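To start, the structure itself, in structure tokens.
The values are calculated or read from the model by the stated rules, or taken from the named source; none is laboratory data. Quantities reported herein were computed from a predicted structural model and do not represent experimental measurements. Using ideal geometry, Cβ is built from the backbone for each residue, glycine included, and neighbour counts are taken over all protein chains shown. Keep in mind that these areas ignore ligands, DNA and RNA; they rest on the heavy atoms of the full protein, side chains included. Shrake-Rupley method; radii C 1.70, N 1.55, O 1.52, S 1.80 Å.
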Amino acid sequence: MMQKNRHTDSWQIGGKTLQSRLFVGSALYPSPAIMQEAIRTSGAEVVTVSLRRQGVNKDAGEHFWSLIRTLGIHTLPNTAGCHSAKEAITIAEMSRELFETHWIKLEVIGDQYNLQPDPYETVEAARALVEAGFEVFPYTTDDLVVAKKLVDAGCRILMPWGSPIGSGKGLANPYNLKAIREAFPDLPLIIDAGIGKPSHAVMAMELGYDGILLNSAVALAQEPAMMAQAFAAAVEAGRLGYQAGAMQEREFASPSTPTIGVPFWQQKN
Amino acid sequence: MKIAILKRFFPAAAVGFFLFFGSFLFFFIHGKKKKMNKKHHKPKHQGKKMIQVSINGEPKTLKPNTTITKMLQTLGYDTAWLGVAINTAFVSKAKHDTTIIKSGDQIEILSPIAGG
């Protein structure tokens with residue numbers, strides 16, 4: 001029972017108390033029904049959403065938003081598609097009013113090929129948004145100096161990438177991610193982007209990260225709801241593993257079965 | 001001799017003369033007619049000249065003194081779940097009734113969508 005309590009430990013982020021350490025996206029699912037099922041199965045308490053130009057189907061936005069609201073979990077709007085601080089700030093302000101939350105996943109893209117965030121524009125937008133009263137969840141690379149600049153700008157959360165968005169490559173640079181964890185031991189850190197398999201999530205949690213944000217890994221799986229369950233278990237396993245404290249790695253084998261009283265053994269000489 | 005040549009070519013010269021100056025006369029009259037037509041239609045729009053704007057990247061015309069609320073109604077949009085930005089600046093819902101759209105404004109109308 002004690003073990004159970006340990007992995008359902010509640011934690012704080014952005015002024016809210018959560019039980020789950022898995023954040024999920026709402027995009028790319030085969031259908032809205034599968035999206036709802038997968039998000040519910042994941043146990044996630046935070047779902048990401050976005051804003052786009054009103055299309056020909058006038059009710060699409062309202063329909064989608066009502067589906068999300070029925071999940072009854074926190075909404076984390078993103079600024080996906082923005083290429084400048086100015087654009088991101090406008091989207092953030094609009095999201096605050098529409099989604100009724102001061103949380104914003106700040107995403108300012110600097111490169112179309114790998115969707116790498118633009119550090120200069122991200123830091124500039126972060127500073128303005130923190131001043132405007134937002135809780136900024138900045139999507140950033142695994143660059144330690146950029147992470148520091150974001151914290152200097154007032155961010156109380158960091159979301160470094162594992163690898164480029166939608167690539168499913170996992171943790172491209174665990175060394176850098178470890179360095180960020182060590183530099184900010186008390187800051188909530190979320191791995192955002194690049195997670196493809198449950199093992200990636202376990203690795204990130206074992207590094208001491210506080211949570212995982214993913215979308216494609218679940219939405220593009222053959223069975224999204226089943227994969228959502230797998231990720232829920234992975235995040236829990238990784239978290240428990242981190243809390244339990246792993247053994248020291250060794251260069252040589254060391255027998256695990258006691259060597260005293262080994263049968264058939266005879267003293268030689 | 002000279003007179004004889006003139007007499008001989010006179011019909012052709014006359015035709016050329018009429019074709020050349022006649023075409024000027026035709027375009028002159030035609031042009032005047034066009035101008036008169038324009039003048040004739042103008043008074044209908046006087047005082048409420050339509051304004052040209054861009055909505056989500058598409059060129060659109062709106063009546064002058066249109067507010068954001070009015071524009072959304074005209075477009076048939078439910079105002080509850082839409083966000084509006086004019087010239088990349090966010091305009092809160094509280095200002096939709098009082099913000100008047102100006103000629104040349106770049107308007108963005110956004111709505112919720114799935115995101116990662």
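Given a 1.4 angstrom probe, what's the average accessible area per residue across region B:51-110, in square angstrom?
Working: 3060 Å² over 60 residues.
Accessible area per residue: 51 Å².
Backbone phi angles across region B:107-116, fed through the Karplus curve with coefficients 6.51, -1.76 and 1.60 (θ = phi - 60°), yield HN-Hα couplings of 9, 10, 10, 10, 9, x, 8, 5, x, x Hz in residue order; Gly and Pro are listed as x.
Between region A:112-187 and region A:24-94, what's the alpha-carbon centroid distance in Å? Using only Cα atoms, the two centres lie 21 Å from each other.
Just so you know, the Cα atoms of chain A work out to an Rg and Dmax of 21.1, 91 Å.
Solvent-accessible surface of protein heavy atoms, probed at 1.4 angstrom with all chains present, puts A:Leu240, A:Leu213 in the order A:Leu240, A:Leu213, largest first. Here the Debye sum runs over all C-alpha atoms of region A:134-269 as equal scatterers in vacuum, and log10 of I(q)/I(0) at q = 0.20 Å⁻¹ comes out as -1.15.
When the helix-only estimate is applied to chain A (DSSP H runs of n ≥ 4, each -39,500 (n - 2.57), divided by the residue count), what is the mean residue ellipticity at 222 nm, nearest 500 deg cm²/dmol? Each step should come with its number before you reach the end.
Details: 10 runs with 109 residues, N = 269.
The helix contribution divided over chain A gives -12000 deg cm²/dmol.
Surface burial for A against B, with a 1.4 Å probe and both sides summed, reaches about 2400 Å² of accessible area. Ligands, DNA and RNA aside, A:Tyr29 has an accessible area near 30 Å² when probed at 1.4 Å. Based on C-alpha pairs under 8 angstrom that are at least 6 apart in sequence, chain A has a relative contact order of 18 percent. With only the Cα atoms considered, region B:73-116 has a convex hull volume of 101 Å³ per residue. Close Lys pairs in chain A, defined as Cα atoms under 19 Å apart and 8 or more places apart or on different chains, number 9.
So how many Å³ per residue does the convex hull of the Cα atoms of region A:67-181 work out to? Please list the in-between numbers first.
On the way: hull volume 13.0 nm³, N = 115.
Expressed per residue, the convex hull around the Cα atoms of region A:67-181 is 113 Å³.
The mean accessible area for residues of chain A, using a 1.4 Å probe and ignoring ligands and nucleic acids, is 51 Å² per residue.
Membrane-span-like helices of chain A, defined as complete DSSP H segments with a Cα extent of 24 Å or more along the helix axis and a mean Kyte hydropathy of at least -0.5, are identified as A:224-244. Based on C-alpha pairs under 8 angstrom that are at least 6 apart in sequence, region B:51-110 has a relative contact order of 48 percent. From a point 7 Å beyond the Cα of A:Ser31 in the direction of its Cβ, which residues of region A:205-241 have a backbone N at a distance under 17 Å? Only A:219-226 fall inside the zone, counting backbone N under 17 Å. Take every Cα pair under 8 Å whose residues are at least 6 apart in sequence, average their separation, divide by the length of region A:116-193, and the relative contact order is 29 percent.
For A:Leu213, nonlocal amide neighbours, meaning residues 5 or more places apart or on other chains whose placed amide H falls under 5 Å from its own, are A:Phe23, A:Ile191, A:Asp192, A:Ala193.
Applying 1/(1 + (r/R0)^6) with R0 = 51 Å to the Cβ-Cβ distance of A:Trp265 and A:Ala244 gives a FRET efficiency near 0.90. Here's the picture: a label point sits 7 Å out from the Cα of A:Lys148 along the beta-carbon direction, and within region A:109-133 the residues with their amide nitrogen under 20 Å of it are A:118-127. The accessible area of A:Glu107, taken with all protein chains in place and a 1.4 Å probe, comes to roughly 10 Å².
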